[in-house]
Amino acid sequence: MHHYQRVTPDIVDALKNIVGERHVLFNDEEKLKQYSHDEVAEIKYHSMPEVVVKPNSTKEISAIMKLANRELIPVTPQGARSGLSGGGVPAMGGILVSLERMNRILEIDRVNMMAVTEPGIITNDFSSAVQKEGLFFAGYPMSLLTCYLGGNVAENAGGGKAIKYGATSRYIIGLEVVMPSGEVAFFGGKRVKDVTGYNMVQLMVGSEGTLGIFTKIIVKLIPLPKAKIDMMVLFEDLQTAIDMVPKIMTDVGIIPTGIEFMDRLTLETSCNHLGQSLEQYKNAGAVLIIEVDGNDEEQILNDCLDIGDLCTEKGALDAYVAQTPADQEKIWAVRRNAAEAFKAISPRQTLEDIVVPMSKIPQVLPILEKLSQKYDLFIPCYGHAGDGNLHATVVKNPSHTEAQWQDLLPKVLTDLYSEIYTLGGTISGEHGIGNKRKQYLPLVLGETEIESMKSIKKALDPNNILNPGKIFDIE
Ligand SMILES: Cc1cc2nc3c(=O)[nH]c(=O)nc-3n(C[C@H](O)[C@H](O)[C@H](O)COP(=O)(O)OP(=O)(O)OC[C@H]3O[C@@H](n4cnc5c(N)ncnc54)[C@H](O)[C@@H]3O)c2cc1C
């Protein structure tokens, strides 16, 4: 039993006083329901908020947190709900703080190559705004058209360019944070170097909304690369395709911007979802999408030719370069829509986020094949192969009953995660633990590691008010 209080009409009135009546949703099941889930398909991970508030300032969020602490009501921060681990779902009910109104870019500082933004800005809008100033935000989650930068920080989002540019954490150097107590802290600043005490910025990045609510974010930017080339390489079979991934880097000797992998079932599902023809993929069993960027167009074209030659030498069916921005977009749209396409077919599937050291990536597909045979399921696979992160998607066999699926799923996941762990891998590369994976955390982290994390949570949030029920349970 938890110790939380319910949201009463008096609490709702107090919240209306803080954010304004128009920005509080209460007693409206249909509207509240929109905030009860993220992109995790399984309904058991959805949960209704008691009230939704849409603050517009740090001060308002601070007042909400102070009220919630006093009244012992759980608070869940939520971005665009594109999360894939249930992180933004109000697992214990209570107050849902939507960051949707805090979407202003406060400053683009060209001299320092930094930007200061509120957390509710859509990632793609942020990227476009800095690009107009000749600057580049290298974050490229496949959900960038919808997700918020604050959500990217909270999940330490990776994506299609992480192999060359790293995940979100590399670019976050300052954060204004409303702490669980309601006090406001500013960690870091516009400094490239800073060892003034603990690195609280990086503790906050990836904390899945459990340690504080970010209200301002300082993002380090880099000069916008002048050119980029996207290419597609088709392979007859999965293993030849995935075997190429480490070789592209070691044998050609370059780090591409991205190397994305898709198997045939993913290609078919995503193309069907988009209404795109499969003709260009011929009879490929798998494809790699490879992007190379830089400032010297001739150099990157030569790099692409070298990659194409190597792949063909090792058995690729075909390799071609996207000739126009429309071609580039067509290639990437199929990859970006893969998750959505599987979800549209059936909610009886789980999108996984396993990650292994890059050298071990060829060993992942045989594990998936073995498990799909053992449990008589489909496990299509796609993902950011270049950084070792694959989105194996366990899909219910239509001939299984619902009870069989519910029985099999934890067994499949336990086997999968255990095997991935033996390769030096772990259960999430970028989507986080949330409420979806918390039962599996002990498979990959020991007691000392988990207890250290819990100590931090208890020290910063003694009432366990902020986003309870995520990552691990606090007794
Ligand atoms: C089609 C699709 C493709 C995707 N591709 C990628 C990908 O390539 N790479 C990748 O990393 N992820 C990917 N994701 C997952 C998801 O988009 C990311 O995790 C994203 O960062 C979530 O952002 P959001 O704004 O939707 O956050 P939400 O889902 O709303 O919340 C995510 C977490 O952030 C917390 N949070 C949100 N805002 C704040 C804040 N201001 N302060 C503190 N905590 C906060 C929430 O409490 C929650 O724990 C994909 C999702 C989809 C649906």
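Taken together, the values in this text are just the output of simple stated rules run on the coordinates, not laboratory data. Note that the structure is a prediction, hence the values are computed from the model and not measured. So basically every Cβ, Gly included, is an ideal-geometry build from the backbone, and we count neighbours across all protein chains shown.
Per-residue ellipticity at 222 nm for the chain, helices alone: DSSP H runs ≥ 4 residues times -39500 (n - 2.57), over residue total, nearest 500 deg cm²/dmol?
Theoretical 222 nm ellipticity from helices: -10500 deg cm²/dmol.
Test of the criteria: in the range 109-212, which chymotrypsin sites (Phe, Trp or Tyr not before Pro) are in a DSSP loop and have at most 14 other Cβ atoms within 10 angstrom of their Cβ?
On the way: sites: PHE126, PHE136, PHE137, TYR148, TYR165, TYR171, PHE186, PHE187, TYR198; in loops: PHE137, TYR198.
Hits after loop and neighbour filter: TYR198.
Positive end of the charge dipole of the range 105-223 (Lys, Arg +1 and Asp, Glu -1 on Cβ, about the Cα centre): tell me which of MET200, VAL130, PHE187 has its Cα farthest that way.
VAL130
Choose one of VAL233, ALA385, LEU310: the residue whose Cα lies farthest towards the positive end of the charge dipole of the chain (beta-carbon charges +1 Lys, Arg; -1 Asp, Glu; about the Cα centre).
Final value for the positive-end residue is ALA385.
If the reach is capped at under 18 angstrom between alpha carbons, list the lysines near LYS374, excluding any in the same chain fewer than eight residues apart.
The qualifying lysines are LYS396, LYS411.
Could you give the spread of the C-alpha atoms of the chain along their three principal axes, from largest to smallest, in whole angstroms?
Principal axes ranked by extent give 69, 60, 44 Å for the Cα atoms.
At R0 = 56 Å, how high is the FRET efficiency between ALA14 and ALA326 if r is their beta carbon distance? Nearest 0.05 is fine. Don't skip to the end; give the middle numbers.
Numbers: r = 52 Å, r/R0 = 0.94.
My answer for the efficiency is 0.60.
Using +1 on the beta carbon of Lys and Arg, -1 on that of Asp and Glu, and nothing else charged, what's the dipole of the range 346-444 about the Cα centre, debye to 20?
Working: 9 positive and 10 negative charges, 28 e Å.
Charge dipole of the range 346-444: 140 debye, to the nearest 20.
Rounded to the nearest 20 debye, what is the charge dipole size of the range 227-338 about its Cα centre when +1 sits on each Lys and Arg Cβ and -1 on each Asp and Glu Cβ?
On the way: 8 positive and 21 negative charges, 91 e Å.
So the dipole magnitude of the range 227-338 works out to roughly 440 debye.
Which trypsin sites (Lys or Arg not before Pro) from the range 217-326 combine a DSSP loop assignment with at most 11 other Cβ atoms within 10 Å?
Taking the range 217-326 and a limit of 11 other Cβ atoms within 10 Å, the loop trypsin sites (Lys or Arg not before Pro) found are LYS282.
Going by Cα centres, the range 143-193 and the range 349-417 are how many Å apart?
With the range 143-193 and the range 349-417 each reduced to a Cα centre, they are spaced 29 Å.
Hey, got the dipole for the chain? About the Cα centre, +1 on K and R Cβ, -1 on D and E Cβ, debye to the nearest 20?
It works out to roughly 1240 debye.
Let me make sure I get this right: for the range 346-444, a, b and c are the square roots of the gyration tensor eigenvalues over alpha carbons, sorted descending. Under 1.5 in a/c it's rounded, otherwise prolate if a/b > b/c, else oblate. Which is it? Spell out each step's value before the answer.
Values: a/c = 1.75, a/b = 1.44, b/c = 1.22.
Taking the square roots of the gyration eigenvalues as a ≥ b ≥ c, the range 346-444 is prolate.
Please report the antiparallel percentage of the DSSP beta bridges confined to the chain, to the nearest 5.
Antiparallel bridges make up about 85 percent of those DSSP assigns within the chain.
Given LYS193/LYS226; LYS164/LYS457; LYS66/LYS161, which pairs have Cα atoms separated by over 30 Å?
Listed pairs above 30 Å: LYS164/LYS457; LYS66/LYS161.
Give me SER98, SER418, SER62, SER277 sorted ascending by neighbouring Cβ count inside 10 Å, so fewest comes first.
SER277, SER418, SER62, SER98
Using modelled backbone amide H atoms (1.01 Å from N, in-plane), which distant-in-sequence or interchain residues come within less than 5 Å of MET114's amide H?
ASP109, LEU221
Could you work out how far apart the two model spin labels at LYS314 and TYR198 are, taking each label as a point 7 Å from the Cα in the direction of the beta carbon, and quote it in nm?
4.3
Between the DSSP loop rule and a limit of at most 13 other Cβ atoms within 10 Å, which trypsin sites (Lys or Arg not before Pro) in the range 1-46 are left?
ARG6
Between SER57 and LYS282, what FRET efficiency comes out of the Förster formula 1/(1 + (r/R0)^6) with R0 = 45 Å and r the beta carbon distance, rounded to 0.05?
It comes to 0.25.
Please check which bits of the range 108-147 a label hung off LYS228 would reach, taking the label as a point 7 Å along Cα-to-C-beta and the cut-off as backbone N under 16 Å.
123-146
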